[in-house]
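Working notes for the structure below.
The values are calculated or read from the model by the stated rules, or taken from the named source; none is laboratory data. Everything numeric in this text was worked out from a predicted model, so none of it was measured. Positions of Cβ are backbone-derived with ideal geometry, glycine not excepted, and every protein chain shown enters the neighbour counts. Just the protein is used for accessible areas: all its heavy atoms, side chains included, with ligands, DNA and RNA removed. Shrake-Rupley method; radii C 1.70, N 1.55, O 1.52, S 1.80 Å.
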There are 2 protein chains.
Amino acid sequence: MLIRDARIVTGDGSPAYRGSLRVEGERIAELGPSLTPQPGESVLEAGGRVLLPGFVDAHTHALFAGDRLDELELRRQGKSYLEILAAGGGILSTVRAVRQSSERELADRLRERLYWMLEQGTTSMEIKSGYGLSTRDELKMLRAIQRAAEGFPGTVVATALLGHAIDPAVPGFVEQVVSETLPAVHAEFPGLCVDAFCEQNAFSLADCRRLFERARELGHPLRLHADQFTSLGGLELARELGARSVDHLEASSREALQALAHSETYGVLLPVTGFHTDGRYADARCFQDAGGKLVLASNCNPGSAPSSSMPFVIALALRKLGLTVLEAIRACTQSAARLLGFSDRGLLAPGMRADLLLLQHRDERLLGYELGGNPVQSVIVAGATVFHRRELGEALAARDSTG
Amino acid sequence: MLIRDARIVTGDGSPAYRGSLRVEGERIAELGPSLTPQPGESVLEAGGRVLLPGFVDAHTHALFAGDRLDELELRRQGKSYLEILAAGGGILSTVRAVRQSSERELADRLRERLYWMLEQGTTSMEIKSGYGLSTRDELKMLRAIQRAAEGFPGTVVATALLGHAIDPAVPGFVEQVVSETLPAVHAEFPGLCVDAFCEQNAFSLADCRRLFERARELGHPLRLHADQFTSLGGLELARELGARSVDHLEASSREALQALAHSETYGVLLPVTGFHTDGRYADARCFQDAGGKLVLASNCNPGSAPSSSMPFVIALALRKLGLTVLEAIRACTQSAARLLGFSDRGLLAPGMRADLLLLQHRDERLLGYELGGNPVQSVIVAGATVFHRRELGEALAARDSTG
């Protein structure tokens, strides 16, 4: 297949240019300013529309049960996220709903969300456990992620978020996680990233260190939610232990961000949460300018980030994080792919997997400018078109002309 | 057609309930908790999804030429909207592009946007002129609106925004608008609403009074952009002259909002602009609680509100204006329809025009909770389905099973 006359945004931050891209099988074969169709090759006329790599959403809690819509009214009345959490709402209400759901119910719910993400251009996505808070329920979540991914065209990466919250009903909860849940997860899912939330009322710095040192011994890469509300030292712990990423960073100092930027650890920014909770945004400019490995992700979850729209994430990145559109696109394509361990995607280059998006827009800046709606026209996964939206006017005209 | 087993949100602010709705021809025939199909009647199974009136977007500048993407970088560097305007950017750059476009080019551009709005659930929309700033170019815009609406399934309402900005190259510009442009518009488009922007560097209070008194004599209803940045007395002028609406109100005092609430004039709130310009939001709660006729609209325009997504408007209304979802929905269905002079839509009731939306959501609160993307599953205009999105997973499964 030849995608002709597109505005090509490669995903590595380099400027866009007008050109064509050839897909052969599941891979990108070549791209350049002027390619001509080979005999028998199908041609997709892009008409100047933007072509870019499929989005890689590297931080989501998109598997959950129940909803947190009651919190909307509490928040409207002025209650804060931490107040709602302290009153037994927040994460713990989702934990109750997840525990009451079967693996199959969880998988069905997630599958619906996965297709919704795909239609919005996300072709690879990370999904965390973390609403189980027991060995049985964490394993159930991880199995549900596996089950939902069967037959789904995109790529799903599971993360074992074993340190998401403390179950107040279980004395010695952290001990249980380290000595029972972690080994059980290790036995069934070796090599998954292990993740934790270092925050007041969640895992303390000492809890995180305990979990992470054991997980590292078992060969699990580490990721950490740190500095969302309070800077407890999680960022420094993550650097010390060589974690793959530190995520959130809203409360990080400039010095901490600069130190992180000089390490191999990715910084994952989640601006939807700043927006939805009326909270802070991370100092993205500082981290970017210091040469940090910056990733943008949706943080999709029912409490603090009700969105899986990467275009909305990019729109916030331009307005609230001070990033340019090319920096923002790189952060959720090439950089996000590398964080998840993929060297075969997130970039338009020969030999890369053909996970591609064609937008309705003819200028990539509109991806971050226009607010709301779905700007994705076509989604191609491993060389196969899985979603194509016909222009509504064109579709209606065709219907009218056929009677 | 019977739409069965929907979650019905009528649009008048009353609570949602589970029920069915019958469409006969272009109208709603009946609705209630349990209707059974008549012989030969087609049935749309809603499966508990939310059914509501098509959105009425009562304030847009969706007809424009060029783009304002360069301002994105200026704003990223910290320049304010008023600074960009004062430097010859802003509205005047759009005016230059509109003047260089033909009526046909403008109509083609608008038609693309109209279908995009329709797909997002907006079945009736107001479109303003105002980027012409000359008799010839204002007439060109109004004709382009008329032309774009031909054959379009939704309903387009034009407004003559004759007082949008001052052309600095024309001495006595306001005099020209009143003595030349207004009579020319009146001759070709009698009865259109006449609109103005009462603001520093735009139309002064005295300019607005002059234009409006003459327009009123000619029988044109009035609308006014007032109190966006500066409270110059426009709100009071609009009340005094019995304007249909005052739009913006970000800088209005509580006393002014309460006085407006006790008048027949609608207050139109445009939260996308507060968000996009990092500016203020109107005190919606004060106006609503005082019994004001509150309307929400997109303000879709290339400079201060790059969005025509009513779901995004509702999402902002919940977070930034303190409205409940039912208040927000009413504000862009029933109340917006009435502002535009329609008594036949914006409400699910027998005899009303069947402009309907079926969402993918099963709880109307998700309409304001979920951020980004397009939650609209089906759009029905005057009883005919003009847009129906098949679930992507379902569509792919069907494709796979047919080979």
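Relative to the present Cα-Cα distance, how much length would full extension add between B:Ser253 and B:Glu217 at 0.36 nm per residue of separation? Let's see the in-between values first.
Values: separation 36, 0.36 × 36 = 12.96 nm, distance 3.02 nm.
Result for the pair: 9.9 nm of gain on full extension.
Looking at the stretch B:372-386, which residues lose a minimum of 50 Å² of accessible area between their chain alone and all protein chains in place, measuring with a 1.4 Å probe and not counting ligands or nucleic acids?
Residues losing area: B:Gly373.
Using the heavy atoms of the protein chains and a 1.4 angstrom probe, tell me the accessible area per residue for the protein assembly as shown in square angstrom. Walk me through the intermediate numbers first.
Working: 27520 Å² over 806 residues.
In whole numbers, the protein assembly as shown has 34 Å² accessible per residue.
Does a label point 7 Å from the Cα of B:Leu205, set along Cα-to-beta-carbon, have any residues of the stretch B:214-242 with amide nitrogen under 19 Å, and which are they?
The answer is B:214, B:223-242, whose backbone nitrogens lie closer than 19 Å to the label point.
Separation between the B:Arg99 and A:Arg147 pseudo-spin-labels, each 7 Å from Cα along Cα→Cβ, expressed in nm?
Modelled inter-label distance: 6.6 nm.
Only Lys, Arg, Asp and Glu count, each charged at its Cβ (+1, +1, -1, -1), so figure out the dipole size of the protein assembly as shown about its Cα centre, rounded to 20 debye.
Dipole about the Cα centre, nearest 20: 320 debye.
Where Lys and Arg each count +1 and Asp and Glu each count -1, what net charge lies around B:Ile145 among other residues with Cβ under 15 Å from its Cβ? The partial results should precede the final answer.
Working: positive: B:Arg104, B:Arg109, B:Arg111, B:Arg113, B:Lys128, B:Lys140, B:Arg143, B:Arg147; negative: B:Asp57, B:Glu103, B:Glu105, B:Asp108, B:Glu112, B:Glu126, B:Asp137, B:Glu138, B:Glu150, B:Glu188, B:Asp195.
Net charge around B:Ile145: -3.
For chain B, what % of the accessible area comes from carbon and sulfur atoms, probe 1.4 Å?
Numbers: 6620 of 13760 Å².
The value for chain B is 48 percent carbon and sulfur by accessible area.
Rounded to the nearest 100 Å², what's the accessible area chains B and A bury against each other, both chains counted, probe 1.4 Å?
On the way: alone 16050 and 16040 Å², together 27520 Å².
Buried: approximately 4600 Å² between A and B.
Can you find, among A:Thr277, A:Val325, A:Val98, the residue farthest towards the positive end of the dipole of the stretch A:55-339? Put +1 on the C-beta of Lys and Arg, -1 on that of Asp and Glu.
A:Val325
For a test of the definition: using alpha carbon positions, the gyration tensor, and the 1.5 limit on a/c, classify the stretch B:233-374 as rounded, prolate or oblate.
It is oblate, given that a/c is not under 1.5 and a/b is not larger than b/c.
B:Lys140: which lysines have alpha carbons under 25 Å from its alpha carbon, excluding same-chain residues fewer than 8 sequence positions away?
By straight Cα distance, B:Lys140 reaches B:Lys128.
Normalising by the residue count of the stretch B:222-310, find the relative contact order in percent from Cα pairs under 8 Å and 6+ residues apart.
Relative CO of the stretch B:222-310 lands at 24 percent.
Using protein chains only and a probe of 1.4 angstrom, how many square angstrom of B:Val50 are accessible, to the nearest 10?
Surface open to solvent at B:Val50 totals about 0 Å².
What residues in the stretch A:114-161 lose 30 Å² or more of accessible surface when the other protein chains are added to their chain alone (1.4 Å probe)?
Residues losing area: A:Tyr115, A:Trp116, A:Glu119.
Between A:Val23, A:Val56, A:Val295, which gets the highest mean-square fluctuation from a Gaussian network model of chain A, Cα cutoff 10 Å?
Result for chain A, Cα springs under 10 Å: A:Val23 fluctuates most.
Between the stretch B:250-272 and the stretch B:351-403, how far is it from one alpha carbon centroid to the other, in angstrom?
Each part's Cα centre sits 34 Å from the other's.
Relative contact order of the stretch A:141-235: what whole-number percent is it, with Cα pairs under 8 angstrom and at least 6 residues apart?
Value for the stretch A:141-235: 26 percent.
Along the charge dipole of the stretch B:41-125, pointing to its positive end and built from +1/-1 on Cβ of Lys, Arg, Asp and Glu, which listed residue (B:His59, B:Thr123, B:Leu85) has its Cα farthest out?
After comparing all options, I get B:Leu85.
Please check which bits of the stretch B:130-161 a label hung off B:Glu180 would reach, taking the label as a point 7 Å along Cα-to-C-beta and the cut-off as backbone N under 11 Å.
From the stretch B:130-161, the list is B:134-137.
Summing -39500 (n - 2.57) over the DSSP H runs of n ≥ 4 in chain A and dividing by its residue number, what mean residue ellipticity at 222 nm do you reach, to the nearest 500 deg cm²/dmol?
-10000 deg cm²/dmol
Using every alpha carbon pair in the stretch A:55-339, what percent of pairs falls into each 5 Å bin from 0 up to the bin containing the largest distance?
Binned Cα distances yield the sequence 1, 6, 13, 18, 20, 19, 14, 7, 2, 0.
Report the charge-dipole magnitude of the stretch B:55-339 in Debye, nearest 20, computed about the Cα centre from +1 at each Lys and Arg Cβ and -1 at each Asp and Glu Cβ.
For the stretch B:55-339, the charge dipole is close to 340 debye.
Enter the mean number of other protein chain beta carbons within 10 Å of the beta carbon of each residue in A:59-69, as an integer.
That works out to 1 on average.
Shortest first and in nm to one decimal, what separations exist between B:Ala398 and its copies in the other chains, measuring from label points 7 Å along the Cα-to-beta-carbon line?
For B:Ala398, the inter-copy label distances come out at 1.4 nm.
So, counting K/R as plus one and D/E as minus one, what does the shell of residues with Cβ under 13 Å around A:Thr333 add up to?
-2
If you average the sequence gap of Cα pairs under 8 Å that are 6 or more apart and divide by the length of chain A, what percent do you get for the contact order?
This gives 20 percent for chain A.
Of B:Gly121, B:Gly368, B:Gly233, which is the most mobile in a GNM of chain B whose springs link Cα atoms less than 10 angstrom apart?
The residue with the greatest mean-square fluctuation here is B:Gly233.
Once ligands and nucleic acids are excluded and a 1.4 Å probe is used, how much of B:Ser401 is accessible, expressed in Å² to the nearest 10?
Looks like 100 Å² after rounding.
Would you tell me the mean number of C-beta atoms belonging to other protein chains that fall within 10 Å of each C-beta in A:363-371, as a whole number?
The mean count of partner-chain Cβ atoms within 10 Å per residue comes to 5.
State the answer as a single residue: which of A:His186, A:Ser245, A:Ala349 lies farthest towards the positive end of the charge dipole of chain A, with beta carbon charges of +1 for Lys and Arg and -1 for Asp and Glu, about the Cα centre.
Toward the positive end, the furthest listed residue is A:Ala349.
In a Gaussian network model over chain B where Cα atoms closer than 10 Å are linked, find which of B:Gly274, B:Gly66, B:Gly303 has the largest mean-square fluctuation.
B:Gly66
Just how large is the dipole of the stretch A:5-80 about the Cα centre, in debye to the nearest 20, putting +1 at every Lys and Arg Cβ and -1 at every Asp and Glu Cβ? Intermediate values should be presented prior to the final figure.
Details: 9 positive and 12 negative charges, 67 e Å.
Computed charge dipole of the stretch A:5-80: roughly 320 debye.
Please identify every one of the GluC sites (Glu not before Pro) in the stretch A:117-163 that sits in a loop by DSSP and has no more than 15 other beta carbons within 10 Å of its own beta carbon.
Counting only loop positions with at most 15 other Cβ atoms within 10 Å, the GluC sites (Glu not before Pro) in the stretch A:117-163 are A:Glu150.
Where the centroid of each part is defined by its Cα atoms, how far is the stretch B:1-79 from the stretch A:1-26 in Å?
One Cα centre to the other: 37 Å.
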